[in-house]
Every structure is written in C-alpha cells, then in structure tokens.
Amino acid sequence: MPEILDSFKTSGLPEYVKGSWINAHKIIDQNRVGSFPGSESKRVVISLSQGHVCHTVTISRARQLQCDEKCPKFKLHKLCAHTIAVALKCGLLYDVCRSYKHSVSSMFQSLIPPDVGKKENEKKNRKRKSQGGYRDVSSFNNRTEVVIDDALVTDSFEVVFITDTSALCCYGCKGKVRQKPSDPVPGDPYDIFLIRKEHRVFRKRGSKSTAISISKQPEYVYYHPLRSCVPGKAKIWAELSTKLKFNEKHKELLWREFGLQL
Ligand SMILES: [Zn+2]
Ligand SMILES: [Zn+2]
C-alpha cells in the first residue's frame, strides 16, 4: 500500500484520481484484466465491486485509453480504475499520465481569463469558466479515437492441425468445430487452427453466479485460420513438421487470408 501511494505521488495525477489508482492496483493483484475476444485494441476488466460486471477499455492508436459507457468514474474524470489497470498491464501508464496531465493543465489554462483583475469582467468570466470547463472535457473525450493499435500486437500465432489439439471452438467467432476432442475434425483446409497463449476470459461454469473469470496462467486459445476471426495483425508461423503436412488447400487458405507463403 505505501508503495502504491508513493507511485501515485510521482504520477503527478490529481488527488481525485487517487481512489481509482488504488483500485487499479487491486484489479491487477486480482488478475482482473483480460484480452478482448477478437480485438487487440480492447481489454476486458472485471469490476472489483460487482463480479458479474465487465468493463471494456479501448486503446487508441495515440495510446490513450477509454472506458465504456457503463463507467461513471470515466464519464466524470476521463480516467478510472479500469483504464489505469489496463495502462499498468500494457505498459502505457507513462503515456496515460502524461496525456492526462497535459489535458488537465491545458483545460485549466484555457479557463484563465485574459483580463484578470478587471472587476466587471470577473463575474462574466466566472460564468464562462464552468461552461468552458465542460466543453473542454467533452473535446478531450472526442479526441480518444478508436483504432486498432498494431504496436500492441506481440504474440504470434502458430498454425496447428486440430487433431493435434484438444480445441473445440474458435475464440474469435465462438464457432464450434466439434463437441469433444475425440470427435472427427472438419475437412481440409478447415482442419487447421491458429493457436497462441492468452489470458482467457470465461464465465464460471456450474456455479449459479454469472461471474466472469480470467485465467491466471496464459492458456492456449484457438482461432479459425480466417482474418475475420483473428484479432489484430499478428504474425502467423508454422513448425516445419506442420508445414510438411500442408496440402495445396491449406497453403491457398493461409495465403489468401494472411498472405503467408509456404
Ligand atoms: Zn472504467
Ligand atoms: Zn472463428
């Protein structure tokens, strides 16, 4: 706890964000940040107070973070525990603090009336002050554009044959390829999957609750070998032993979807 407060001081963020800062560290401690199925520019954050509520944080190309409509803190301050937690997790904390401080200071700067000291104008300016303040906050919000950030794509995908895995469905489109791992797989070229390790988001089964969980350890997740199922512009590769098993249909599919030349 003292380290968290120390880091808050050095962050230079305003005092009203302190609670969110502390909660963001709890969110990280409890491993409540996960990848968003089908999008590299989003993250899912499980609410601290309500285990069944998930917030979606969007990362813009300008490395700014935006929480979703359901988040009152973000609406109010343009910063919340969820966005700070994602910033911590994705190494964007520096960017987020800097741009936040910048937007706050430019906001206040624009509020300083040019003719301070004149009594008549003071009243007028004070009135304008609050209006101007609101306008500035909303423009800060508008600047947070939503685009895929290629720079955040780190993990590559390996091409594997479904028969060599226990995969049942695609993590992108949620389409099932079989009911159980012993079932036969689809015909070629759709008997291959892309695989990588991720922190998986899932609903706890069996329990009455609708709680959403994120796997503690990164787990293997599978995707159809289709551009529309795979998040971002990740690298695709295959082991030599797998490549040797590809037929023309596999090669054609991987070339068509990902430009992979085999
Ligand atoms: Zn939020
Ligand atoms: Zn799919």
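Taken over the range 20-44, residues that are of a type in the set (Phe, Trp, Tyr) and within 17 Å of the chain's Cα centre (by Cα) amount to 1.
Give the residue that is surrounded by the fewest Cβ atoms within 10 Å (Cβ to Cβ), with candidates limited to residues of the range 1-56 that are of a type in the set (Val, Ile, Thr) and over 27 Å from residue 235 (Cα atoms). Outline the logic, then answer.
Of the range 1-56, the ones of a type in the set (Val, Ile, Thr) are 4, 10, 17, 22, 27-28, 33, 44-46, 53, 56.
From what's left, over 27 Å from residue 235 (Cα atoms): 4, 10, 17, 22, 27-28, 46, 53.
Working: 4: 14, 10: 8, 17: 22, 22: 16, 27: 24, 28: 17, 46: 23, 53: 15.
In this case the residue turns out to be 10.
Selection over the range 217-262 of residues that are hydroxyl-bearing (Ser, Thr, Tyr), more than 20 Å from residue 41 (Cα to Cα) and part of a loop (DSSP other than H, G, I, E, B) gives a count of 0.
Please enumerate the residues belonging to the range 19-71 that are hydrophobic (A, V, I, L, M, F, W, C) and closer than 21 Å to residue 156 by Cα.
33, 36, 44, 59
Restricting attention to the range 15-37, the residues that are within 18 Å of residue 73 (Cβ to Cβ) and among the hydroxyl-bearing types (Ser, Thr, Tyr) total 2.
Taken together, the values in this text are just the output of simple stated rules run on the coordinates, not laboratory data. Every value quoted in this text rests on a predicted model; they were computed, and no experiment measured them. All Cβ positions, glycine included, derive from the backbone under ideal geometry; neighbour counts span all protein chains shown.
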